[in-house]
1. For T50, indicate whether it is at pLDDT 95 or above and among the hydroxyl-bearing types (S, T, Y).
2. Test G123 against the criterion of being over 12 Å from the mean Cα position of the chain (by Cα) and under 21 Å from T46 (Cα atoms), and give yes or no.
3. Does R99 count as more than 24 Å from I145 (Cβ to Cβ), at pLDDT 95 or above and in contact with a Ser or Thr (Cβ under 6 Å, 6 or more places away or on another chain)?
4. Quick one: K73 ticks every box in (1) over 16 Å from Y166 (Cα atoms); (2) modelled with pLDDT of 95 or more; (3) of a type outside the set (A, V, I, L, M, F, W, C); (4) touching a helix residue (DSSP H, G or I) at 6+ places or on another chain (Cβ under 7 Å) bar one, so which box is it?
5. Across segment 180-197, what is the total count of residues that are surrounded by 23 or more Cβ atoms within 10 Å (Cβ to Cβ) and among the polar types (S, T, N, Q)?
6. Would you check which residues across segment 28-76 are of a type in the set (A, V, I, L, M, F, W, C), more than 23 Å from Q110 (Cα to Cα) and within 17 Å of the chain's Cα centre (by Cα) and list them?
7. Please state which one of S158, S90, S134 is more than 30 Å from K193 (Cα to Cα) and of a type outside the set (A, V, I, L, M).
8. Applying the selection to segment 134-174, what residues are among the β-branched types (V, I, T) and in contact with a helix residue (DSSP H, G or I) (Cβ under 8 Å, 6 or more places away or on another chain)?
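The values are calculated or read from the model by the stated rules, or taken from the named source; none is laboratory data. Only a predicted model underlies this, so the values are computations on that prediction, with no experimental measurement involved. Here Cβ is always computed from backbone atoms with ideal geometry, including for glycine, and neighbour counts include all displayed protein chains.
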Amino acid sequence: MKKSGIILLVTLFWTNIFAQNTDINILKDINLNRNVQLDGVFRGITDSATPVSFGIPIALLGIGLLKKDSTLKQNAWNIGTAVMVSVAISTALKYATNRDRPFVTYPFIQKLTEGGSPSFPSGHTTEAFALATSLSIAYPKWYVIAPSFVWASAVGYSRLDLGVHYPSDVLAGAILGSGSAYLSYKLNKWINKKYTSKKHHSFL
C-alpha cells in the first residue's frame with residue numbers, strides 16, 4: 001500500500017512537471033515568436049472582451065424594452081446572467097488557486113498588456129466564451145455562432161500573444177465560460193418554466 005502510494009505521488013509530481021513545461025513552452029513559442037506588427041491588433045482584441053461581453057446583453061435589453069419584445073428581453077437577461085456568473089466563478093477561482101502570471105515566474109516572457117490579478121483561469125477568455133456560447137444558444141444561426149466563437153478564440157489567443165496567461169489558463173477559461181453559459185441557460189429555463197406553471201395554476 002505504501003509502495004503504491006509513493007508511486008502515485010511520483011507519477012503526479014512528474015505529470016505536473018511535464019504539464020508545466022508544456023504550458024510554458026507553448027506560451028514561449030507564441031509570445032516570443034509573435035509578429036510584433038500585430039501587437040496593437042491583439043491589444044485591441046483583448047481590450048474588447050469586457051465591453052463586448054457586457055455591452056451586447058445591455059444593448060439587447062435596451063432594444064427589447066423599446067420594442068416591448070419579451071423574447072428579446074429574456075435573451076438579454078439570459079446572456080447577461082451567463083456572463084456575470086462566469087465572471088464571478090472565474091474571479092473566485094483566481095484567488096483560490098492564486099497562480100502567478102507567467103511573466104512573474106518566467107521573466108523572459110514579454111508582458112504587453114495589463115495583467116495584475118492571479119493567472120488561473122483567464123477572465124477575459126471566460127467572459128468571451130460565456131458570451132459566445134449564450135449568444136449561440138439564444139440565436140442558433142451560423143452567422144451568429146461562427147463570428148462569436150472566432151472572436152472568443154481570438155480573445156483567448158491574444159492573452160497568450162501578449163504574454164499574460166498560460167495556455168492552461170485560456171483553456172480553463174474557455175471551458176468555464178462555455179459551461180457556465182450552458183448551465184445558466186438551463187437554470188433560467190427551469191426558473192421560467194416554474195414561474196409560468198405557477199402563474200398558470202394561480203389563474204385556475
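1. yes
2. Judged against the criteria, G123 is not a match.
3. Values: more than 24 Å from I145 (Cβ to Cβ): yes; at pLDDT 95 or above: no; in contact with a Ser or Thr (Cβ under 6 Å, 6 or more places away or on another chain): yes.
Judged against the criteria, R99 is not a match.
4. So K73 meets the others, but not (2).
5. Residues flagged as surrounded by 23 or more Cβ atoms within 10 Å (Cβ to Cβ) and among the polar types (S, T, N, Q) within segment 180-197 amount to 2.
6. Here is the first cut: in segment 28-76, the ones of a type in the set (A, V, I, L, M, F, W, C) are 30, 32, 36, 38, 41-42, 45, 49, 52, 54, 56, 58-61, 63, 65-66, 72, 76.
Next, only the ones that are more than 23 Å from Q110 (Cα to Cα) stay: 52, 54, 56, 58-61, 63, 65-66, 72, 76.
Within segment 28-76, V52, F54, I56 qualify.
7. Details: S90 fails: more than 30 Å from K193 (Cα to Cα); S134 fails: more than 30 Å from K193 (Cα to Cα).
Answer to the check: S158.
8. Result: I137, V144, I145, V155, V164, V170.
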